[in-house]
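Worksheet for the structure shown next.
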Amino acid sequence: MKSRKYYIVGAGPGDPGLITVRAVKAIAESDLVLVDSLVPDEIIESVCAGKRVLRVGHRASGGHSGIIDRISAILDSTEFSVASHLKEGDPSVFSHLYEEIRMIMDRGIEYEVIPGVSSAIAVPEAAGIVLTGRGRSESFTVVSASDASGGFNEAEIRSALNASGSVVIMMGSRYLGRIRDLLIGIRYEWPIAIIENGTRTDQRVLVYRDAWHIGDQEIRMPAIIVVGRMIMVDGVIEKDEAGIRN
């Protein structure tokens, strides 16, 4: 059987200028490109011209459980020499990297993971939000709002909010009300920022002085929620001490 190569490629946070040189090279080598649903059209148009492109992300595959099955079916039924799976952010952060590697190995396909710029760090940076600062935030935690079953990841978010550093909550759009309730109960005085379409031309940043001010507005995907004392409110870093309720 003809040898095949499979790249798992991080597309970065959304701005086409933030995709890595190595990622572009891997796509250029590929005759088949599988693309997650949150990878913006601008990146696809920029690096996938002339390639056979198939969408395989959550929206195209029926949720988390269908992604690996869909990729598996495509690889079993499609002829290719080199394929790439282009994933938003970095492939190892709240992705299906472990399951995907196992599936590729089971088929005897050579693979390589191409790291990407993680949205968890780059999106707050692009919005002017600092995650760490000496004497104010010595660490930060990144947590998914969705657990393995697709439900609200309350236990992990609660644990992160009870720590002393900044908190970055990924995939939290549909759980904003429940996240707000947790914040009111644990970090009620810390500023919050919600960043929609981070690093992209239509980026929108909503900053709240505390959880009490978060309304019921609709948040568009993709969005990242940041909680921490390093967030700028009205042009200054909040100086209030943390309000913590156990």
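Since every read-out is calculated from the coordinates, none of them should be taken as a lab result. Keep in mind that this is a model prediction, so the values were computed, not measured. FYI the Cβ positions are ideal-geometry reconstructions off the backbone, even for glycines, and counts take in every protein chain you see.
Quick notes on this one:
- Annotation: extensible slack from Thr201 through Arg52 equals 51.0 nm (criterion: 0.36 nm per residue apart, minus Cα-Cα distance).
- Pairs of Lys in the chain closer than 27 Å at Cα, counting only those 8 or more apart or on different chains: 9
- Once the Cα-Cα distance is subtracted from the 0.36 nm per residue extended length, the His213 to Ser146 segment shows a gain of 21.8 nm.
- Residues Lys5, Lys87, sorted so that the one with the fewest Cβ neighbours within 10 Å comes first: Lys5, Lys87
- Seen through its C-alpha gyration tensor, with square-root eigenvalues sorted a ≥ b ≥ c, the range 5-117 comes out rounded because a/c lies under 1.5.
- Ellipticity estimate at 222 nm from DSSP helix runs (n ≥ 4, -39,500 (n - 2.57)) divided over the chain, nearest 500: -8000 deg cm²/dmol
- Since only Ala160, Ala28, Met105 are under comparison, the one whose Cα sits farthest along the positive direction of the charge dipole of the chain, derived from C-beta charges on Lys, Arg, Asp and Glu, is Met105.
- Close amide H contacts of His85 (hydrogens built in the peptide plane, cut-off under 5 Å, sequence separation of 5 or more or a different chain): Tyr7, Ile8, Val9, Leu34.
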